[in-house]
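See structure below.
The values are calculated or read from the model by the stated rules, or taken from the named source; none is laboratory data. Here the structure is a predicted model, which is why all the values come from computation and not from measurement. Cβ atoms come from the backbone with ideal geometry, glycine included; neighbour counts cover every protein chain shown. Heavy atoms of the whole protein, side chains included, go into the accessibility calculation; ligands, DNA and RNA do not. Shrake-Rupley method; radii C 1.70, N 1.55, O 1.52, S 1.80 Å.
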Amino acid sequence: MRGSLVFTALSEENIMDIKKKLPNGVLKFLSGYQVKSEDIITYANTDMTLEGEFARGYIILTQNKLIILRSEPDKSEVYQFKGYGSKNELDIRSEKKWAAKYISIKEIDRLEVIRSISGGVLYYSEKKEGLESGPDIQLASFTNMMIGAVLHIVKLFSILKEKGELTEDSIKMEEKEEYCPKCGSMYPDKERKICPKCMDKKSIFLRILLYFKPFIPKIIIMILCYIVTAGLNLIWPYMSGKILYDKILSQNAEFLESLGIPGINYIIALGLVVLVMFLTRITIQVLGIIQGVMTATIVPKVIMKMKSQVFQTMGELSISFFNSRQTGGLMTRVLRDAERVTGFFIDGIPYLIINIFTIIATAIVMFQMNWKLALAALIFVPIIFTISFKMMPKLWHFYGRRHRAERSMNSRLNDNLTGARVVKAFGQQDSELKRFDKNNQRVRSAEMSLVNFDNKFFALYVIFENIAMIMVWGFGSYLLLNQSHMELGILITFTGYVQQLNGPLDFMSYAFRWFSDSMNSAQRMFEIIDAIPEIREKPDAVRMNTMEGNIELKDVTFGYEPHKPVLKKINLKIEAGKMLGIVGRSGAGKSTLVNLISRLYDPQEGEIYIDGINIKDIAFKDLRRNVAMVSQDTYIFMGTVAENIAYANPEASFDKIVEAAVLASAHDFICKMPEGYDTVIGSAGRNLSGGEKQRISIARAILADPKILILDEATASVDTETEKAIQASINFLVKDRTTISIAHRLSTLRDADRLVVIDNGEITEEGTHNELVEQKGVYYKLKELQTKALAMRGID
Amino acid sequence: MKKNDNNKLIDNTAEDEFNLEKMEKETEEMLKLRFLTKENSVFARTEGGFVSLKIGDEFYKRVLVYRVFPFTNPEGYISIREPDEKAKEIGIIKDLRNDVTKETREMLEEQMRLRYFTPVIEKIIDIKDEYGFAYFDVVTDHGPCRFTIHMGGSSVVYLSDTRLMITDLDGNRFEIPDITHLSAHELRKLDLFL
């Protein structure tokens, strides 16, 4: 045994660790019962009573005792579950009164956990004389948050009982919660160390900006256009107000002199003003066109980049990611979110800049012209901005809701289209329509509440704008009547400015909404981009150009959900070039086993070796090239027959493709199709029968020419005759390669060198066909049943 | 008539222990439901906090108690199973209210209390939505709880138009039996999922 250290020599560090975490109150309580802290091997928290109330407790394993501590239920205490709470908050209240139960380890015969929906119950049975053990006795109950630690204790107990001692390696528990170093709160997903609380919207914003980095020159041109436009916009009211009224219409001689054209006709001056005004408009339009062109070149590129990045990460993610999410929901993310994100950045931000710029510049000019009037016109601007900011979280909410409504509608649609055949067969179109309508309604109401909210927002802005206008007119007229130095032109210019402010202000009302939408989508997009695949290639992965095909599984334990093993301690050795048949009930774990060998999942415990190298160390490329699987659910991609067969090796020659198809007994039916190997199949093309699809997948695997071939019910949906043909080709195929074949029909496994029977996640029988028949176990029963069943129908 | 033919065939081929008839009987048994009532079965509490069952000459020193329709019919169709991993069904209680005694009903409900432990949310203090997760701060019938859920998957499920089941990161369950009983303020917090 590696690092075989008797537990009594527990290292200093480990003692520290335990002391640090078991609260002092508990340690003190234990010392009152002669339990010393250095005797404690490990412990688990519990959070329920056996009556089903929340209450704190501990399960403590010492070298010779199992100690159960439990406090009284306390409804005033807050119970925090995974993801909530921070490091410093744990075990704050340890000064409880404890009820304790001590059991000597020697007295325990079995220690097990019954799993319930939200947790589990620990129970034991006492050793008794004779064969029978004592009755099962409940010890403690706990929620799912604690179950990992409790199961660890159960495991340690069994090692301790079996071997009498524990190594330090086994005591270490892998699954420890991790905390954000910044704010100390627990990571909801310890694989992906992102603290949702510390991830603020600002950093999302900056991350998106990075996507625009390659377009900096173009963006600078755009910004210049915006600035010039904003400047020109300022000139317009000035020309049509102050210059026109106060200088030209009032025939101001000084003004003409200042222009350097004294004494000319005012008509010419008027013409000049009109010309300048005209040119201003033209320039604004031209600049508008230029920035439009820039937008059109940047936006699609950024959107494309985002989409392919999301798609790429999705491709790298493990199968489990896809199993836990709805396809429709994922589609929404790829398709819509990228567009929503960029929309704001490219159309929104520049306008935002220009509008803020316009507002500030206008304000300055107004204040310089007449500060009293300016104050009257602008006093409301800060107020509506504050209100807008306050409303932002609400908008965020509304967008999130709309997204979820859309997502569930998409999922429903996806579900329905995929299952169209079943819907039709059972004549359920009407009820499906009703269900769809329900989702549709939800999207509508989400959209409606958004629009409603938006309208309120907009109304607020319009009201303030109008009040500002009225105030300028009223206050301006008052000044005009009472003050000699106030001119009509100034008032007209002012109203022009106020009117011009309406545009930017209206935009701001929209910008808040737009920003929320964009950030909301961005967050969802980054959620995917940041996701870390569970199965990763090691940075220094071993390259294996050729494989022999020796497979070895050592103590492999695996479950799709933590703590619910589907495979238990599987040990299996397959020699290179041999064929292994796997038999077992449905749900016994056969497909799971081959999924592990092709590394679609990683085992939770134990290791898998190919040619003596751990598959976790093998480069993905080599592993995938050398291991091919024909699974029970075949998938045909959109494309021609030839493309589908050559999926793993697109460069394959015609010879190879035809050869593979012949070996898979697919050549015949392919030739009969009008376009032969060029027939487009898959979702957009010709329909294939189940058997035809299966033969194409077999051809695909044959062409890939793997060293390890996995056949998972590969011939389940072909007729007996075709199966025989494929069987023959498989016989040819299995030469020089390791084959693992799963089948219900035992005839398929006739040629297997060795067979294993898997039941309930364990290998129950192992040997050649003859050996297994002699054992008269499950295999024998199955064999007899199948031959009898055939005999009954007068076949065979 | 055909059956006779079959039997003959079996006699010819099965010289050993293999018995098709026995197997068929087993299969037939698998297809039948056995209903447990106070007439044919006796449940009793064990000293370890479990429940034992006696039906005729069969005795199980510990049984598992499952609901078949935990949401839509929690008091009907209670499945009683063997305690090992395969959890083979022993029988079904069709109606917990009428088919068994009050004591039996109580002890079975005790067993199910742990298995179907689901705090009922009585008050929502706060729900925060952050970067793909939602943080719940609530008061349940078992006391105040704080938990976290995934926003992406199916963590919040509608059992009916008004009944919500919420599953946290670890698979712990929380229930809101009727959202119409929540205040407008609480509903607004829950808006994320409505």
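Do we find a residue being within 27 Å of A:LEU209 (Cβ to Cβ), open to solvent by 20 Å² or more (accessible area, probe 1.4 Å) and without any contact (Cβ under 8 Å) to a residue 24 or more places away in the chain anywhere in region A:492-509? Steps first, please.
Start the filter on region A:492-509 by keeping residues that are within 27 Å of A:LEU209 (Cβ to Cβ), which leaves A:503-509.
Now narrow it down to the ones that are open to solvent by 20 Å² or more (accessible area, probe 1.4 Å): A:503, A:506-507.
Subsequent filtering for residues that are without any contact (Cβ under 8 Å) to a residue 24 or more places away in the chain retains none.
No, region A:492-509 has no match at all.
Listed residues B:ILE125, B:ILE78; which is of a type outside the set (D, E, K, R) and surrounded by fewer than 19 Cβ atoms within 10 Å (Cβ to Cβ)? Give the steps one after another, and end with the answer.
On the way: B:ILE78 fails: surrounded by fewer than 19 Cβ atoms within 10 Å (Cβ to Cβ).
After ruling out the rest, the residue left standing is B:ILE125.
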### Task
Being more than 9 Å from chain B (Cβ to nearest Cβ), under 17 Å from A:ILE103 (Cα atoms) and within 37 Å of the chain's Cα centre (by Cα) is the filter here, so list the residues in region A:113-154 that pass it.
A:VAL113, A:LEU122, A:ALA140, A:VAL150, A:ILE153, A:VAL154
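Return the residue satisfying two criteria in turn: it lies in region A:774-789 and is more than 10 Å from chain B (Cβ to nearest Cβ) and assigned to a helix (DSSP H, G or I), and of such residues it is modelled with the lowest pLDDT.
If we filter region A:774-789 for residues that are more than 10 Å from chain B (Cβ to nearest Cβ), which is where we start, we get A:774-775, A:777-779, A:782, A:786.
Keeping just the survivors that are assigned to a helix (DSSP H, G or I) gives A:774-775, A:778-779, A:782, A:786.
Values: A:GLU774: 85, A:GLN775: 83, A:VAL778: 81, A:TYR779: 84, A:LEU782: 80, A:GLN786: 77.
Going through the qualifying residues, I end up with A:GLN786.
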## Note on the structure
With the first residue restricted to region B:86-106 and required to be polar (S, T, N, Q), and the second required to be open to solvent by 90 Å² or more (accessible area, probe 1.4 Å), Cβ contacts under 6 Å at 6 or more apart or on different chains are B:THR101/B:LYS38
### Query
Any residue in region A:171-187 that is farther than 14 Å from A:TYR58 by Cα, within 9 Å of chain B (Cβ to nearest Cβ) and modelled with pLDDT under 75?
yes
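In region A:683-718, what count of residues is obtained for those that are basic (Lys, Arg) and either closer than 17 Å to A:GLY581 by Cα or in contact with a Leu (Cβ under 6 Å, 6 or more places away or on another chain) (or both)? Full working, then the answer.
Here is the first cut: in region A:683-718, the ones basic (Lys, Arg) are A:686, A:693, A:695, A:700, A:707.
Subsequent filtering for residues that are either closer than 17 Å to A:GLY581 by Cα or in contact with a Leu (Cβ under 6 Å, 6 or more places away or on another chain) (or both) retains A:707.
So the count comes out to 1.
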## Note on the structure
By my count, helices (runs of 4 or more DSSP H) wholly in region A:333-412 with at least 3 residues that are surrounded by 16 or more Cβ atoms within 10 Å (Cβ to Cβ) and either within 14 Å of chain B (Cβ to nearest Cβ) or within 19 Å of the chain's Cα centre (by Cα) (or both) are A:338-343
### Message
Pull out all pairs, ordered by first then second residue, where Cβ-Cβ is under 6 Å, the residues are six or more apart or on different chains, the first lies in region B:17-29 and is within 11 Å of another protein chain (Cβ to nearest Cβ), and the second is modelled with pLDDT under 75 and assigned to a helix (DSSP H, G or I).
### Response
B:LEU20/A:LYS788; B:LEU20/B:ILE10
### Summary
All-but-one check, A:HIS563 against (1) closer than 30 Å to A:ILE740 by Cβ; (2) away from every other protein chain (no Cβ under 14 Å), failing number (2)
### Query
When you go through A:VAL302, A:VAL310 one by one, which is the residue that is modelled with pLDDT of 80 or more, within 14 Å of chain B (Cβ to nearest Cβ), assigned to a helix (DSSP H, G or I) and closer than 30 Å to A:LEU413 by Cβ?
A:VAL310
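For the condition without any contact (Cβ under 8 Å) to a residue 60 or more places away in the chain and not in a strand (DSSP E or B), what is the one hit in A:ILE114, A:ILE159, A:ILE137, A:ILE153?
Working: A:ILE114 fails: not in a strand (DSSP E or B); A:ILE137 fails: not in a strand (DSSP E or B); A:ILE153 fails: without any contact (Cβ under 8 Å) to a residue 60 or more places away in the chain.
Only one candidate qualifies: A:ILE159.
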### Positions within region A:413-472 being touching a Ser or Thr at 6+ places or on another chain (Cβ under 6 Å) and within 17 Å of A:ARG513 (Cα to Cα), in sequence order
A:PHE457, A:PHE458, A:TYR461
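Results for (1) of a type outside the set (Lys, Arg); (2) closer than 16 Å to A:ARG404 by Cα; (3) assigned by TED's automatic domain parsing to the domain that holds B:PRO70; (4) surrounded by fewer than 20 Cβ atoms within 10 Å (Cβ to Cβ), shown as yes or no for each residue.
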position: B:ALA134; (1), (2), (3), (4): yes, yes, no, no
position: B:PRO144; (1), (2), (3), (4): yes, no, no, yes
position: B:TYR158; (1), (2), (3), (4): yes, yes, no, yes
position: B:MET165; (1), (2), (3), (4): yes, no, no, yes
position: B:SER183; (1), (2), (3), (4): yes, no, no, yes
### Query
How many of the residues in region B:132-163 are under 22 Å from the mean Cα position of the chain (by Cα) and outside any loop (DSSP other than H, G, I, E, B)?
4
#### Entry: Selection within region B:60-75 - in a strand (DSSP E or B), over 15 Å from B:LEU114 (Cα atoms) and within 11 Å of the chain's Cα centre (by Cα)
B:VAL68, B:PHE69, B:ASN73, B:GLU75
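Based on this model, can you work out whether B:TYR131 counts as in contact (Cβ under 8 Å) with a residue 12 or more places away in the chain and either at the interface with chain A (Cβ under 8 Å from one of its Cβ atoms) or under 26 Å from B:PHE50 (Cα atoms) (or both)? It would help to see each step written out before you state the result.
On the way: in contact (Cβ under 8 Å) with a residue 12 or more places away in the chain: no; either at the interface with chain A (Cβ under 8 Å from one of its Cβ atoms) or under 26 Å from B:PHE50 (Cα atoms) (or both): yes.
No; evaluated as a whole, the condition is false for this residue.
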### Task
Assess whether A:ASN88 counts as being at pLDDT 85 or above and either in contact with a strand residue (DSSP E or B) (Cβ under 8 Å, 6 or more places away or on another chain) or away from chain B (no Cβ under 13 Å) (or both).
no
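Inside region A:421-442, can you point out the residues that are surrounded by 15 or more Cβ atoms within 10 Å (Cβ to Cβ) and part of a helix (DSSP H, G or I)?
Taking region A:421-442 first, the residues surrounded by 15 or more Cβ atoms within 10 Å (Cβ to Cβ) are A:423, A:428, A:432, A:436, A:439-440, A:442.
Within region A:421-442, A:VAL423, A:GLU432, A:PHE436, A:ASN439, A:ASN440, A:ARG442 qualify.
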#### Entry: Check on B:VAL139, modelled with pLDDT of 90 or more, open to solvent by 20 Å² or more (accessible area, probe 1.4 Å), closer than 25 Å to A:ARG115 by Cβ and hydrophobic (A, V, I, L, M, F, W, C)
no
#### Entry: Members of region B:96-122 found to be of a type outside the set (Val, Ile, Thr) and within 14 Å of the chain's Cα centre (by Cα), listed by number
B:LEU96, B:LEU108, B:GLU109, B:GLU110, B:GLN111, B:MET112, B:ARG113, B:LEU114, B:ARG115, B:TYR116, B:PHE117
#### Entry: Complete set of residues in region B:146-156 that are more than 8 Å from chain A (Cβ to nearest Cβ) and open to solvent by 30 Å² or more (accessible area, probe 1.4 Å)
B:VAL156
#### Entry: Enumeration of residues in region A:542-562 that are under 29 Å from the mean Cα position of the chain (by Cα) and buried (at least 17 other Cβ atoms within 10 Å of the Cβ)
A:VAL556, A:PHE558, A:GLY559
## Note on the structure
Of the residues in region B:46-63 that are more than 9 Å from every other protein chain (Cβ to nearest Cβ) and not β-branched (Val, Ile, Thr), the one that is farthest from B:ILE92 (Cα to Cα) is B:ASP57
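Across region B:25-59, which residue is surrounded by the most Cβ atoms within 10 Å (Cβ to Cβ) among those that are among the β-branched types (Val, Ile, Thr) and part of a strand (DSSP E or B)? Even if it seems obvious, please write down each step before you answer.
Of region B:25-59, the ones among the β-branched types (Val, Ile, Thr) are B:27, B:37, B:42, B:46, B:51, B:55.
Those still in the list that are part of a strand (DSSP E or B) too: B:42, B:51, B:55.
Working: B:VAL42: 15, B:VAL51: 20, B:ILE55: 16.
This residue is B:VAL51.
From the list A:THR715, A:THR739, A:THR748, which one is in a helix (DSSP H, G or I) and open to solvent by less than 60 Å² (accessible area, probe 1.4 Å)?
Values: A:THR715 fails: in a helix (DSSP H, G or I); A:THR739 fails: in a helix (DSSP H, G or I).
After applying the criteria, what remains is A:THR748.
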